[in-house]
Amino acid sequence: MQKVIIIGGTSGIGLEMAGQYRQMGCAVGLSGRNQNALEAFQQEHPAGTVATACFDVQQEDRGTHFHQLIEQLGGMDIFVYCAGIGKPSRTLDRNLELSTFQTNATGFLDLTIQAFQYFAEQGQPGHIAGISSVASNRGMQAAPAYNASKAFMSNYLEGLWFKARKLGLPIQVTDIQPGFVATKMAQGNLFWLVPVPKAAQQIIAAIAAGRKKAYISRRWRLIAWLLRLMPSSLLSRMT
Ligand SMILES: NC(=O)c1ccc[n+]([C@@H]2O[C@H](COP(=O)([O-])OP(=O)(O)OC[C@H]3O[C@@H](n4cnc5c(N)ncnc54)[C@H](OP(=O)(O)O)[C@@H]3O)[C@@H](O)[C@H]2O)c1
C-alpha cells in the first residue's frame with residue numbers, strides 16, 4: 001500500500017487529494033491546524049489507513065510533528081506540500097506578508113528538506129511534490145509575498161530535482177502550478193476556474209507520471225507563458 005503524506009490536507013485541494021488517494025487504496029497521512037477536519041477524515045476511513053497530525057507549519061516544532069506523522073503511517077512514499085495562504089495585501093500589510101512567507105516558503109523549505117533527507121536515508125524511491133502556483137511566474141502588486149513565496153517553491157523544487165539526479169538518488173520531484181482552483185482561496189476568481197476534483201485528479205496523475213512540472217489545468221501553461229513574456233508596463237495596467 002503506497003503511503004502518501006499531505007501537509008495542508010484539511011480543506012480544498014489537499015483534502016480532495018487525500019480522498020482520491022484513499023479511493024486508489026493508498027494510506028494517507030494528513031496535517032493541518034483544523035483538528036475537527038482531521039478527525040472527520042479519519043472517521044470516514046478504516047482504521048490503519050489514515051494518520052493525522054494537528055500542527056502549524058509556521059511553528060518550529062513542525063519537523064517533530066512531521067516525523068511523528070510518518071511513524072504513525074508506517075512510512076512515506078509520496079510527500080505533498082499543499083499548505084498555503086494567499087490573501088490580498090493591498091496596503092502591504094507587514095504581518096500578512098511575513099505570515100504568507102512563513103507558511104508558503106519557510107514551512108515548505110523545512111519540511112521538504114526533511115522529506116528529501118528521509119527518502120535519501122531510506123534509500124528507496126520517494127516522491128516530493130509542492131503545490132506552487134502559476135503566480136510563481138511573475139511578481140504582482142496584489143499579494144507580493146504570495147507570488148514571491150510560490151516563485152521560491154518552484155525554484156527550490158527544481159533545485160531538488162537536479163540534486164536528486166546529481167546524488168544518484170531515486171527521488172522524484174514535481175512542481176505543481178495550478179491556475180485558479182475553485183476553493184475558498186480562489187473566491188471571486190472566475191477565469192478558467194478548475195473544479196477541485198479535476199484539479200486533484202490532474203495533480204495525482206502528474207505525480208504518478210513523474211512529471212517535473214505540471215500546470216493545473218493544462219491550459220494554464222499558456223497563461224504562465226504569457227505572464228513571463230508580458231512587459232511590466234502592460235502587467236502593471238492589468239493587475
Ligand atoms: N485555489 C487556488 O486557486 C490555488 C491556485 C494556485 C495555487 N494554490 C495553492 O494550493 C494550495 C492549497 O490551497 P487551497 O486552494 O486548497 O486552499 P485551502 O482550502 O485554504 O487549503 C489550504 C490548506 O493549507 C493549510 N494551512 C494553511 N496555513 C497553515 C498553517 N499555518 N499550518 C498548517 N497548515 C496550514 C490549511 O489547513 P488548516 O487551515 O487546517 O491549517 C489547508 O489545509 C495552497 O498552497 C495554494 O497556494 C491554490
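Read-outs: derived from the displayed coordinates by stated rules, not from any lab. All values derive from a computational prediction rather than experimental measurement. Note that we place each Cβ from the backbone using ideal geometry, even for glycine, and neighbour counts take in every protein chain shown.
Sites listed here are trypsin sites (Lys or Arg not before Pro) in the range 1-64 whose DSSP assignment is loop and whose Cβ has at most 11 other Cβ atoms within 10 Å, and the list is empty. For the range 192-239, the convex hull drawn through the C-alpha positions has a volume of 79 cubic angstrom per residue. Evaluating 6.51 cos²θ - 1.76 cosθ + 1.60 at θ = phi - 60° for every residue in the range 196-210, the Karplus couplings come out as 4, x, 5, 4, 4, 4, 5, 5, 4, 5, 5, 5, 4, 7, x Hz, glycine and proline recorded as x.
Relative contact order, whole percent, for the chain stands at 18, derived from Cα pairs under 8 Å and 6 or more residues apart. Under 5 Å between amide hydrogens, built in the peptide plane, is the criterion, and for Ala129 it picks out Phe79, Val80, Tyr81, Thr174 among residues at least 5 positions away or on other chains. Distant-in-sequence amide contacts of Ile216, defined by a placed amide H-H separation under 5 Å and a gap of 5 or more residues or a different chain, comprise Gln177, Gly179.
When each of the peptides 147-156, 87-96, 215-224 is scored by how many other beta carbons lie within 10 Å of its residues on average, the order from highest to lowest is 147-156, 215-224, 87-96.
Taking the range 1-70 on its own, what percent of its Cα-Cα pair distances exceed 15 Å? Within the range 1-70, distances greater than 15 Å cover 45 percent of Cα pairs. Evaluating 6.51 cos²θ - 1.76 cosθ + 1.60 at θ = phi - 60° for every residue in the range 92-98, the Karplus couplings come out as 6, 6, 4, 4, 5, 4, 5 Hz, glycine and proline recorded as x. Using R0 = 35 Å, the C-beta based FRET efficiency linking Thr49 and Arg221 works out to 0.50.
Please determine, in degrees from 0 to 90 and to the nearest 10, the orientation of helix 220-229 with respect to the longest principal axis defined by the Cα atoms of the chain, where the helix direction is its Cα long axis. Taking Cα atoms only, the helix is inclined about 50 degrees. Would you list, by chain and number, the lysines whose Cα falls below 21 Å from the Cα of Lys166, excluding same-chain residues fewer than 8 positions away? The reachable lysines, counting only those whose Cα sits under 21 Å from Lys166, are Lys212, Lys213.
Normalised by 2.2 N^0.38 Å, where N is the number of residues, the C-alpha radius of gyration of the range 5-126 stands at 1.08. Pairs of alpha carbons in the range 61-196 separated by more than 21 Å make up 46% of all such pairs.
Residue separation of Arg228 and Lys87 scaled by 0.36 nm, minus their Cα-Cα distance, works out to 48.5 nm of gained length. Taking every DSSP helix (H) stretch of at least 4 residues in the chain, weighting each as -39,500 (n - 2.57) and dividing the sum by the residue count yields a mean residue ellipticity at 222 nm of -14500 deg cm²/dmol. Of the residues Ala200, Thr183, Trp220, the one whose Cα sits farthest toward the positive end of the charge dipole of the range 158-229, with +1 on the Cβ of Lys and Arg and -1 on the Cβ of Asp and Glu, is Trp220.
Each residue of the range 132-137 is assigned a 3J(HN,Hα), and the resulting list reads 8, 5, 4, 4, 5, 7 Hz, derived from the Karplus form 6.51 cos²θ - 1.76 cosθ + 1.60 (θ = phi - 60°), x at Gly and Pro. In this structure, the amide hydrogen of Thr52, modeled 1.01 Å from its nitrogen in the peptide plane, lies closer than 5 angstrom to those of Leu30, counting only residues at least 5 positions away or on a different chain.
In the chain, the sites counted are GluC sites (Glu not before Pro) in DSSP loop states with at most 15 other Cβ atoms within 10 Å, and the longest stretch holding none of them, exclusive of the sites, is 61-239. Using Stokes-Einstein with the Kirkwood hydrodynamic radius over Cα pairs, what translational diffusion coefficient do you get for the chain at 37 °C and a viscosity of 0.692 mPa s, in µm²/s rounded to a whole number? Estimated diffusion coefficient is 182 µm²/s.
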